[in-house]
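Here the structure is laid out as structure tokens; the discussion comes afterwards.
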Amino acid sequence: MKTQPRVLLLSATSGAGHVRAAEALEKGFLARGDCVVEHIDALQHVSKLFQRVYDQAYIAMVRRAPQLMGVLYEGTDRPWLHPRRRLALDRLNTAPMIRLLKRIQPDLCVATHFLPAEIIAWLIAKRKLRARNAIVVTDYDVHAMWLCRTVDRYYLAIDEAAEYLARVGVPREKLRVTGIPIDPLFATPANPPAARKQLGLDADATVILISAGGYGVGPVEQLAKDLLALQRPWQIAAIAGKSEKTWKRLEELSKQAGNLPSGSPRLCPVGFTKEMDKYMAAADLMVGKAGGLTTSEAMARALPMALIDPIPGQEERNADHLLEEGAAIRCNNLPAAAWKIAGLLDDNARFARMKDAARKLGRSSAAANIAADALKLLD
């Protein structure tokens, strides 16, 4: 009896999107039933100092110094420049991960973060690992940190990303445009009335979904206040993520906001949830950040977006793509964001065009398609 191939998925918790992409891929591979799948967080197998820098420092920078994020992003986006210096630093801090990879000896490695991708590529180049190597880029653009020499496949969000990689020297036969992998739940057709009923949302009101992302980063409370102050017949579902402080403040704000004429609350606070597919199915507009996973999920639900002050770097580039395609508006000035959102919702024709643009961008089957293609590397 032939042994099933062993697939190792590697993510990193510096930003929730890398992990969510790997979790989506895990479901995609497992649904096939023809391989053994394991998902590890690479940052659990590095030095403690390195882990803090990658995880805690990332969140702190996003919260307190986003402009510095942009400077670092742009300053390091130099294809094929200083890869040996960076690899030497990573190898110094990732010895536990290297030992783990040597022990597991997977047949196929799929990385959703550039740190493990780089280590895997080096191990393969040095013949210390006999595995096929695939990289899944979790934003619409491809930063130079994703570039490795010993890679069998790149899975990309858009055609422009593939053209860019081809122009900087990656062989075209290694490139696949699949979209960013999202939970297979998003491949199930949306049923807004059913989703609203399950979530306790109003059946008829325009529902605005505000999300702070998994880490609760973003001006959710202020946005909710400003939207409520307009006294429109909207219902607002505000997701606080892992920020308990934000959730408690939203609860107080909800009590003050009162109810719609139907009796439904005008503001529905939500803590950390694993039902984003339902909230996106129930909503008419999503207000939030321009992360690769969040925007991909929204597009899969044909859900137009109002992007709030994207983080300089990858979020700004993600935002640019959605704006070019007509699936989003961008709110750079928080005090005027509610006014801008109201103007969009008042323009029925424009809003319908945005919804259609979002539908065209949706790639709900990306995880399944990546799994099918990646396993062909083992044939």
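Data for the structure
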quantity	calculated
Farthest toward positive dipole pole in the chain [+1 Lys/Arg, -1 Asp/Glu at C-beta], among 13, 332, 298	13
Most mobile of 154, 164, 140 in a GNM of the chain (Cα contacts under 10 Å)	164
Convex hull of the chain built on C-alpha atoms - directionally averaged projected area, nm²	19.0 nm²
Residue 45 accessible area, 1.4 Å probe, all protein chains in place, Å² to nearest 10	50 Å²
Dipole magnitude of segment 165-206 about its Cα centre (Cβ charges: Lys, Arg +1; Asp, Glu -1), debye to nearest 20	360 debye
For segment 93-222, radius of gyration divided by Kirkwood radius, i.e. Rg to Rh on alpha-carbons	1.12
Helix 334-346 vs. the chain, principal-axis angle (Cα, 0 to 90°, nearest 10)	70 degrees
Helix axis angle, 220-229 relative to the chain longest principal axis, alpha carbon, degrees	20 degrees
Exposed-loop-free span, longest in the chain, where trypsin sites (Lys or Arg not before Pro) count as exposed if DSSP calls them loop and at most 16 other C-beta atoms lie within 10 Å	275-379
Cα-centre dipole for the chain with unit charges at Cβ (Lys and Arg positive, Asp and Glu negative), debye to 20	1320 debye
Cross-link reach list, aspartates and glutamates versus residue 355, counting only Cα pairs under 16 Å and skipping chain neighbours closer than eight places	284, 297, 324, 325, 346, 347
Given charges at beta-carbon only (K, R positive; D, E negative), |dipole| of segment 290-379 in Debye	260 debye
Residue-averaged 222 nm ellipticity for the chain, from DSSP H runs of 4+ at -39500 (n - 2.57), nearest 500	-14500 deg cm²/dmol
Unit charges at the beta carbon, dipole of the chain: most positive-side option, 138, 76, 256	76
Segment 247-376 shape via C-alpha gyration tensor axes, a/c threshold 1.5	prolate
Lysines whose Cα lies under 27 Å from that of residue 255, excluding same-chain neighbours fewer than 8 positions away	197, 225, 242, 245, 274, 278, 289, 340
Neighbour cut-off at most 16 other Cβ (10 Å), DSSP loop, chymotrypsin sites (Phe, Trp or Tyr not before Pro), segment 247-286	272
Using alpha-carbon coordinates, inclination of helix 314-325 to the longest axis of the chain, degrees	60 degrees
Rg and Dmax [Cα atoms of segment 114-172; Å; Rg one decimal, Dmax integer]	11.4, 34
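The values are calculated or read from the model by the stated rules, or taken from the named source; none is laboratory data. Being a predicted model, the structure only gives us computed values, none of them experimental. When we count neighbours, we look across all protein chains shown, and the Cβ atoms used for this are built from the backbone with ideal geometry, even at glycine. For the accessible areas, the whole protein counts, side chains as well, though only heavy atoms, and no ligand, DNA or RNA atoms are used. Shrake-Rupley method; radii C 1.70, N 1.55, O 1.52, S 1.80 Å.
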